[in-house]
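The values are calculated or read from the model by the stated rules, or taken from the named source; none is laboratory data. The shown structure was predicted, so the numbers you read here are calculated from the model rather than taken from an experiment. Every residue, glycine as well, gets a Cβ built from its backbone with ideal geometry; the counts of neighbours run over all protein chains shown.
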Amino acid sequence: MAELVGVYGSTHNPLLWRARGQDLDSTRAGFDRLRDRLARARPDVLVVVATDHLTQWFYDNMPAFLVGKAEHIPATFWNEEREFGLPYRELAGDAALARDLLGGGIERGVDFAASDAFRADHSVLLPLLYLTPELDVPVVPVFTNCMAPPLPGAARFFQVGQVLRQAIEDSPLERRVAVIASGHLATEVGGPRHFAGSPDPGFDERAVTWLAEGRVDEALAALTYDRLREAGNVSHQFLNFLVAMGVADGRPAVHAEGARSRFATSPFFEWEP
Amino acid sequence: MSRYGINAFLREINMAAAAHRAYVADPGGYAAEWAGAPLTPEERAALQRRDFGALYGFGAHPYLLWSFTEAVWVPEISRAELVERFRRESAAHGYPDVAT
């Protein structure tokens, strides 16, 4: 049977990739810590919960939640190489586990869409470049729509996490599975408050506390579309951490921090499996 | 209002190197001819002018719009100056609805 061996949350801010400076020390330390913890968990496969940036998934065909069943996953698009200096990489998928997640979700009322031709953007690749730099652990990407409103509600993100856990634990495959949620705290891009550190430090502090203390009800009640937009126009990717919180059955995180830098406050979370 | 058309245009310029080259060489001509999705005359005119402030006001998706703005204005305007100008011009519109 598949076994859940770790649950994590990470930033995927692409500006970090070629940035230098002492203000990034705590962000680097956040990645280093998660990399060590993940290595100790010895996963065979990573389920990466992430939102692409209208790259593969666009308004012509926008799923709410989707499982990537591809065996080979190209990662990053031309514009991300141009804009962020990110490399192009090819990741191995795990179609067998992906099928079990898809089927396990559908059995439990989460009708995932599915793709056999998944292409990942930096929301998947950036955390992996830091957490598994050799890119030698296969990936099952789970796309979530945090980008094109109307978005699924906060409670649905949490529930999808609970269902993912059950689907992983029900899979007959011999796999050690780690889940990594990829997201942001308060973030603005393309708006009046962009590129000047966190647009809402108060939100960041409360959000980290919800996860650190396992305050599920408080988080679900607070995280409306409008409240997230008030925190910054693209803060909705915080919802991916609710998926991780659901995978961890709402228990308090064993590690929760927001690392400040000139770009934003970068989230790093870890839950016991 | 045809936010879908604006977003489809921005995405094409962002993601396709050939489209990016052609648009940067002749924004007015490229946007005049573009037939990927319906646009209102005002939207098309804003795309012809590379007018990111107006596009923001129409409710273009902020991710697509910033990537586009950076891709078609730098190095003509330095990134630092563009970040600042974008702040100013978007602030004039607040936070428009971006739903398509």
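Summary of values
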quantity	calculated
Residue match in the stretch A:177-195 (condition: surrounded by fewer than 16 Cβ atoms within 10 Å (Cβ to Cβ), at pLDDT below 95, part of a loop (DSSP other than H, G, I, E, B) and not β-branched (Val, Ile, Thr))	no
Subset of the stretch A:85-103 (residues that are of a type outside the set (A, V, I, L, M), in a helix (DSSP H, G or I) and farther than 22 Å from A:Asn145 by Cβ)	A:Asp100
Some residue of the stretch A:120-130 being farther than 30 Å from B:Tyr4 by Cβ, away from every other protein chain (no Cβ under 14 Å) and of a type in the set (Gly, Ala, Ser)	no
Residue that is under 23 Å from A:His53 (Cβ atoms), of a type in the set (Lys, Arg) and out of contact with any Lys or Arg (no Cβ under 6 Å at 6 or more places or on another chain), where the choices are B:Arg49, B:Arg79, B:Arg88	B:Arg79
In the stretch B:67-100, residue nearest to A:Leu151 (Cα to Cα) [restricted to those that are within 9 Å of the chain's Cα centre (by Cα) and either more than 8 Å from every other protein chain (Cβ to nearest Cβ) or assigned to a loop (DSSP other than H, G, I, E, B) (or both)]	B:Phe68
Residues within the stretch A:84-112 that are within 11 Å of A:Leu66 (Cα to Cα) and hydrophobic (A, V, I, L, M, F, W, C), tallied	5
Hits in the stretch A:111-152 - residues which are among the hydroxyl-bearing types (Ser, Thr, Tyr), part of a strand (DSSP E or B) and under 21 Å from A:Phe238 (Cα atoms)	A:Thr144
Filtered residue count, the stretch A:54-81, keeping only those that are facing chain B (nearest Cβ under 9 Å) and on the phi > 0 side of the Ramachandran plot	1
Hits in the stretch B:1-42 (condition: of a type in the set (D, E, K, R) and touching a Leu at 6+ places or on another chain (Cβ under 8 Å))	B:Arg11
Matching helices (runs of 4 or more DSSP H) fully within the stretch B:17-66 where at least 1 residues are surrounded by 14 or more Cβ atoms within 10 Å (Cβ to Cβ), at pLDDT 95 or above and within 14 Å of chain A (Cβ to nearest Cβ)	B:17-25, B:52-58
Search result, residues across the stretch A:16-34 that are surrounded by 16 or more Cβ atoms within 10 Å (Cβ to Cβ) and either within 22 Å of A:Pro252 (Cβ to Cβ) or within 18 Å of the chain's Cα centre (by Cα) (or both)	A:Leu16, A:Trp17, A:Ser26, A:Thr27, A:Gly30, A:Phe31, A:Leu34
Among (1) charged (D, E, K, R); (2) more than 14 Å from every other protein chain (Cβ to nearest Cβ); (3) in contact with a helix residue (DSSP H, G or I) (Cβ under 7 Å, 6 or more places away or on another chain), the one test that A:Glu205 misses	(3)
Residue satisfying all of: in the stretch A:130-160; buried (at least 21 other Cβ atoms within 10 Å of the Cβ) and of a type in the set (A, V, I, L, M); nearest to A:Thr27 (Cα to Cα) among these	A:Leu131
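For (1) crowded, with 22+ Cβ neighbours inside 10 Å; (2) more than 23 Å from A:Glu3 (Cα to Cα); (3) more than 20 Å from the chain's Cα centre (by Cα), each residue gets a yes or a no:
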residue	(1), (2), (3)
A:Pro74	no, yes, no
A:Glu83	no, yes, yes
A:Leu86	no, yes, no
A:Leu91	yes, no, no
A:Ala96	no, no, yes
A:Gly103	no, no, yes
A:Ile106	no, no, yes
A:Ala114	no, no, no
A:Arg119	no, yes, no
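Conditions (1) in a helix (DSSP H, G or I); (2) surrounded by 24 or more Cβ atoms within 10 Å (Cβ to Cβ), marked per residue:
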| residue | (1), (2) |
| --- | --- |
| A:Leu211 | yes, yes |
| A:Asp226 | yes, no |
| A:Glu230 | yes, no |
| A:Phe238 | yes, yes |
| A:Val243 | yes, yes |
| A:Ala259 | no, no |
